[in-house]
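These notes concern the structure reproduced below.
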Amino acid sequence: MASRSCKYSSDAFCCVCGQFIKTRAKKYSVIASANTCEAYKAYFDMPVRDQDKPWAPRFTYENCKKTLEGWYRGEKRAM
């Protein structure tokens, strides 16, 4: 029977947009930034959680982080 596991770690995917984060791209931890957590909760109407689970993505793209925090500060209208 074939294995049903993904060949990539869950940390290889952005928790905001869900896209694959390339190896050379800069990744940011979601939990390390309180602003990102607050913006995520405000935009998606749910808190960042399950970070202790192996299947939960824990990182975000630099562009997604800047865009989400910009929306939270009122600089951008949408993601």
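Values computed for the structure shown
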read-out: In the stretch 22-41, the residues that are aliphatic (A, V, I, L, M), closer than 14 Å to LEU68 by Cβ and in a loop (DSSP other than H, G, I, E, B); value: VAL30
read-out: Candidate set from the stretch 5-21 (those that are of a type outside the set (Gly, Ala, Ser) and open to solvent by less than 50 Å² (accessible area, probe 1.4 Å)); member that is farthest from THR67 (Cα to Cα); value: ASP11
read-out: Options LYS66, LYS76: the member that is touching a Gly at 6+ places or on another chain (Cβ under 8 Å), surrounded by 13 or more Cβ atoms within 10 Å (Cβ to Cβ) and without any contact (Cβ under 8 Å) to a residue 12 or more places away in the chain; value: LYS76
read-out: Per-region count, the stretch 22-41, residues in contact (Cβ under 8 Å) with a residue 12 or more places away in the chain and either among the polar types (S, T, N, Q) or open to solvent by 80 Å² or more (accessible area, probe 1.4 Å) (or both); value: 8
read-out: Residue ID - nearest to GLN19 (Cα to Cα), chosen from residues in the stretch 47-56 that are within 13 Å of the chain's Cα centre (by Cα) and open to solvent by less than 80 Å² (accessible area, probe 1.4 Å); value: ALA56
read-out: Out of PHE59, PHE44, sole residue that is surrounded by 15 or more Cβ atoms within 10 Å (Cβ to Cβ) and of a type in the set (Phe, Trp, Tyr); value: PHE59
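The values are calculated or read from the model by the stated rules, or taken from the named source; none is laboratory data. Every value quoted in this text rests on a predicted model; they were computed, and no experiment measured them. Using ideal geometry, Cβ is built from the backbone for each residue, glycine included, and neighbour counts are taken over all protein chains shown. With ligands, DNA and RNA removed, areas are computed over all heavy atoms of the protein, side chains included. Shrake-Rupley method; radii C 1.70, N 1.55, O 1.52, S 1.80 Å.
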